[in-house]
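Encoded as structure tokens, the structure appears first; notes follow it.
Values in this text are rule-based calculations from the coordinates and carry no lab data. Here the structure is a predicted model, which means the values were calculated and not measured. Here the Cβ is made from the backbone with ideal geometry for all residues, glycine too, and neighbour counts use every protein chain on show.
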Amino acid sequence: MGGLVGESKGKAVLRACGCAVAGLFLIAGCTADGTSKGGAASGSPGTSATPSGTGASGTGGTGASAPAAGPSSSARVAMPPVDESKQPKTAAEARDLLGRIIIAEQDLGPEVARSTPFESGPGRWPVLDESCVWQTEGLPDDVLATSTRHFHIPAKDGRGRVRINATVTVHHNREESGWETARAMEEVLRCPEQKLREGEDLKSLWGGAFYLGEQMNEWTEDAFTESGDYVSAQDGGPYPYTWSQAQFGPVTVAIAAKGAQGVTNDDLTGYVANGTSLMMIQAKQELGKAAG
């Protein structure tokens, strides 16, 4: 499938299911105003990072209700050019940067709590093998640092436990981060059914990717979203599953959300869009050139 990856990146990978994907971008654009594969495997990559320190971006109530949208799109943070002098050159600099981008639980809403473990161990990277089973390996050469945080919304009032993961990955340059998005697209085409770990599976996956300016994507250089069904031996299913990834310069940010009994896809989309758009804002603030 390597040739497919190159063709995908060169020709604006898979524009199928455009309406649904564009809807996620529209939500993200609204919730990002005024101021953005996580969770693929139990050993997803991560490193200890300092909470972002921003205020909560989600305003959802009890259960898994989707957060409310933010101010009008006229206040949206513009897409600034990347300031190459701010790009990290070492793993230590990259870890420091992602610590300022990745979100904390309060950024998703007051009902969201930390899971245990909260952050994945450093130095590991999720890889989808030839059998469509997620494994972990050491960091590839094109990754300076990555971190995944694990959250959940506790079961309440007839709704099951919702699981949410946030991931930030820092590459050496924009080309490497772009190839990460291309590989994600190739993975969903190659493996519409995937095993996260024993007793947890993703089924009926589909995805779509859009460059800046395509299908209402006005907030990220390259965006990808994936949706399908989540099935758990412990919790049952199928339940809705969705994942969104966005790119700015050498950085990718992503949110994955797994549903549960009584939780709709719309419930998940609000959290995914809010979390991704907030991290995208913070990436732009950290790496974008100042106006003027």
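In table form, for the structure just shown:
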| item | result |
| --- | --- |
| HN-Hα J in Hz across the range 186-192 - Karplus 6.51, -1.76, 1.60, θ = phi - 60°, x for Gly and Pro | 4, 5, 6, 5, 6, 9, x |
| For peptides 97-103, 278-284, 176-182, 135-141, sequence by mean Cβ density within 10 Å, most packed first | 278-284, 97-103, 176-182, 135-141 |
| Residue 193 paired with residue 156, simple spin-label distance in nm, labels 7 Å along Cα-to-beta-carbon | 3.6 nm |
| Unsatisfied cross-links (Cα-Cα over 25 Å) in the set 86/258; 195/284; 89/289; 156/284 | 86/258; 195/284; 156/284 |
| Förster radius 30 Å - calculated FRET efficiency between residue 173 and residue 106, Cβ distance, rounded to 0.05 | 0.40 |
| Paramagnetic label zone (point 7 Å from Cα along Cα-to-C-beta, residue 206; backbone N under 19 Å) in the range 241-259 | 241-245, 257, 259 |
| Modelled label reach - residue 130, point 7 Å along Cα→Cβ, the range 179-211 residues with backbone N closer than 13 Å | none |
| Estimated dipole of the range 86-140 in Debye, rounded to 20 [Cβ of Lys and Arg +1, of Asp and Glu -1, Cα centre] | 300 debye |
